[in-house]
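This report refers to the structure that appears directly beneath it.
The values are calculated or read from the model by the stated rules, or taken from the named source; none is laboratory data. These numbers come from a predicted model, not from an experiment. Every residue, glycine among them, receives a Cβ derived from its backbone with ideal geometry; neighbour counts consider all protein chains shown. Please note that ligands, DNA and RNA were not included when accessible areas were found on the heavy atoms of the full protein model with its side chains. Shrake-Rupley method; radii C 1.70, N 1.55, O 1.52, S 1.80 Å.
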Amino acid sequence: MSSPLISEVLPDLLEEIVFLLQGSGAEPLEQQLRALRIESICDCGDDNCASFATAAEVKVDEVVELNPSEGFLIIDLNQAQQICFIEVLGRPDVKYLLEDHYQTETSEEK
């Protein structure tokens, strides 16, 4: 089973990130964002965390901090300037959508 596109699971978050990139100097990341898949969700156990990996291997070299109106959004880039992880904190709406998607997917596999 292939990993879902961010646009399939979190379309509103994707558009919010694209909007927040405008004027940040990191606008070129938009094209990359639209093609990214959610490889795995963070398993840190923090109730405020809705972060997820967008690459099989996460090795952070640089971060792009965004200024959302709610919570925290940070894009983690690897050495090749590819997005490898998206940190989402304090966003219960995103956490709910991720959990709902993965719970539904798990129950459909059984």
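Scanning region 40-67 for residues that are under 10 Å from the mean Cα position of the chain (by Cα) and aliphatic (A, V, I, L, M) yields Ile41, Ala50, Ala53. Pairs linking a residue in region 72-85 that is farther than 18 Å from Gly25 by Cβ and in contact (Cβ under 8 Å) with a residue 12 or more places away in the chain to a residue that is assigned to a strand (DSSP E or B) and open to solvent by 30 Å² or more (accessible area, probe 1.4 Å), with Cβ atoms under 6 Å and 6 or more positions apart or on different chains, are Phe72/Leu89. Here Asp100 fulfils each of the conditions (1) modelled with pLDDT under 95; (2) surrounded by 15 or more Cβ atoms within 10 Å (Cβ to Cβ) apart from (2).
So for region 68-78 (the condition being more than 14 Å from the chain's Cα centre (by Cα), open to solvent by 70 Å² or more (accessible area, probe 1.4 Å), of a type outside the set (Val, Ile, Thr) and farther than 19 Å from Ser3 by Cα), does at least one residue qualify? Lay out the reasoning, then the answer.
Of the residues in region 68-78, the ones more than 14 Å from the chain's Cα centre (by Cα) are 69-70, 78.
Filter once more, keeping what is open to solvent by 70 Å² or more (accessible area, probe 1.4 Å): 69-70.
Right, trim to of a type outside the set (Val, Ile, Thr) and you get 69-70.
Now restrict to residues that are farther than 19 Å from Ser3 by Cα: 69-70.
Yes: one or more hits.
Note on region 29-59: residues that are in a loop (DSSP other than H, G, I, E, B), open to solvent by less than 80 Å² (accessible area, probe 1.4 Å), among the hydrophobic types (A, V, I, L, M, F, W, C) and within 17 Å of Ala80 (Cβ to Cβ) amount to 3. Considering region 21-41, and only residues there that are in contact with a Ser or Thr (Cβ under 6 Å, 6 or more places away or on another chain) and in contact (Cβ under 8 Å) with a residue 40 or more places away in the chain, the residue that is nearest to Leu98 (Cα to Cα) turns out to be Ile38. Comparison of Leu29, Leu14 shows that the only residue that is under 11 Å from the mean Cα position of the chain (by Cα) and not small (Gly, Ala, Ser) is Leu14. Among the numbered conditions (1) open to solvent by 90 Å² or more (accessible area, probe 1.4 Å); (2) modelled with pLDDT under 95, the only one that Gly25 does not meet is (1). Filtered by the rule that a residue be open to solvent by 20 Å² or more (accessible area, probe 1.4 Å) and more than 19 Å from Gln82 (Cβ to Cβ), region 1-19 gives Met1, Glu8, Pro11, Asp12, Glu15, Glu16, Phe19.
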